[in-house]
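Trainee: Following this message is one structure expressed as structure tokens.
The values are calculated or read from the model by the stated rules, or taken from the named source; none is laboratory data. Note that the coordinates shown come from a computational prediction; the quantities given were computed from them, not determined experimentally. For neighbour counting, all protein chains shown are included, and Cβ atoms are generated from backbone atoms with ideal geometry for every residue, glycine included. Accessible surface areas use protein heavy atoms only, side chains included; no ligands, DNA or RNA. Shrake-Rupley method; radii C 1.70, N 1.55, O 1.52, S 1.80 Å.
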Amino acid sequence: MGKANSQTNPKSTNNKFWQFRNLADDDQKAELLLYGDISERSWWEDAATPKRFADDLAALGDVKEITVYINSGGGDVFAAQAIGNMLERNAATVTAHIDGLCASAATIVACHADKVVAAADGSYMVHPVSMGVCDYLTAEDMKNCLKALETIRSSIIALYAKKSGKTEDECAKWMDETNWWTATEAKEKGFVDEVDDDAEDSVVENRNGVLFVNSISMNTPFNEAPNFVRSRVTDNTATRTENMNPAEKPERNDHGEVKNMDIKTTDDLRKAYPDLVATIENEAITAERTRIQEIENATLPGAEDQANEAKFTKPVDSASFAKAVIASMKAKQQEQSKNYLNSAKAAAENSNANSIDNTPPANPEAEDEESKAFMNAIRKANGVK
């Protein structure tokens, strides 16, 4: 069941997820088609949208009967409550006719009707309320969210009890458990007043793991539907023409992404989780740009080829690239030192410097004795002592 999103982006929109029409052959009867999501986007983003629904309802004129045809997996609880209350206040007798699936928030609209009729192969589903929060929250904020959830839950339980004639405790148990019922079972529980055996059979399909009923997506994983729904899957989906939503399809749904799908290809993943895939892709692009920029910042002169290889042909992160550059520089320095020493050694050998003798000087004491003897002879000849 959907909820009010904490982030709003008001804008004018002409999208409507409903369609009223008067019957050409009886101006006392009218129809309302609710096929597909009961979406908050085309309900709340334009402040006048609830008024537009009321205006469309009033434009039917003084009709006596309104039949609401429902084939919906649910949507926004507040939009469903507003629609249901407007229909309940209308003077006309309102009959809800479940053509395929009436689930989640769609059950709120049905419970406001004076009478609920379900096709014999129709389905009914109730489950716990949920709230999507796209913001940072304080502890007090979270407490307020829990209070809001409990308030919404209580209001829906009271509505279910009023419609079914069961106790609120019984209805709360069914809702908290998540229950899928056939039309007959929903009648036994009190949510359906009449089963239409003459109604045209609904067409159930498994499209890439998503449950489709009468060519309308229920935004529910096919494998989460009960056996009595899955067993009705048709085998001739390829030949069926697309039954477009009579009201414009909402831009998005807010009551839960498809999960636990049988995903086999990237296209399946993209269809099941479009927002998640887009987020992953954007984060990957940002991370890649950052990686390339960091590598370029770490590139030293002469390492351009190594940088291009790290960026494109053999991608690595910037830290690994920096380590590789340092190791490369160290290896080059070691090689240069080795080459220098080898070059110096070779130059010395080629200059014959190693063959030059270093002869020691003559004994200075021998030269002194000889000089002294010569001087003594001169002195003796001159009679000098």
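Trainee: Can you name the condition, by its number, that Pro128 falls short on among (1) at pLDDT 95 or above; (2) open to solvent by 10 Å² or more (accessible area, probe 1.4 Å); (3) touching a helix residue (DSSP H, G or I) at 6+ places or on another chain (Cβ under 6 Å)?
Mentor: The number of the failed condition is (1).
Trainee: I would also like to ask the following. Restricting attention to region 299-318, and to residues there that are modelled with pLDDT of 80 or more and of a type in the set (A, V, I, L, M), which single residue is most open to solvent (accessible area, probe 1.4 Å)?
Mentor: Step by step, filter region 299-318, then rank; the result is Val316.
Trainee: For the list (1) at pLDDT 95 or above; (2) under 22 Å from Asn85 (Cβ atoms), I need the number of the one condition that Glu170 fails.
Mentor: Failed condition: (2).
Trainee: Of the residues in region 86-109, how many are open to solvent by less than 20 Å² (accessible area, probe 1.4 Å) and touching a His at 6+ places or on another chain (Cβ under 9 Å)?
Mentor: 6
Trainee: From the list Val203, Val195, Val229, exactly one residue is open to solvent by less than 70 Å² (accessible area, probe 1.4 Å) and in contact with a helix residue (DSSP H, G or I) (Cβ under 7 Å, 6 or more places away or on another chain). Which is it?
Mentor: Val195
Trainee: Something else now. If only one of Ile38, Ile83 is touching a strand residue (DSSP E or B) at 6+ places or on another chain (Cβ under 6 Å) and crowded, with 18+ Cβ neighbours inside 10 Å, which one is it?
Mentor: The unique qualifying residue is Ile38.
Trainee: Within region 82-101, count every residue that is among the hydrophobic types (A, V, I, L, M, F, W, C) and touching a residue at least 60 places away in the same chain (Cβ under 8 Å).
Mentor: Qualifying residue count, region 82-101: 4.
Trainee: Could you tell me whether Ile70 is within 22 Å of Ser164 (Cα to Cα), crowded, with 23+ Cβ neighbours inside 10 Å and not acidic (Asp, Glu)?
Mentor: yes
Trainee: Here is a further query. Condition first: surrounded by fewer than 24 Cβ atoms within 10 Å (Cβ to Cβ) and farther than 21 Å from Asn219 by Cα. Now tell me which residues in region 113-125 satisfy that.
Mentor: Hits for region 113-125 are Ala113, Asp114, Lys115, Val117, Ala120.
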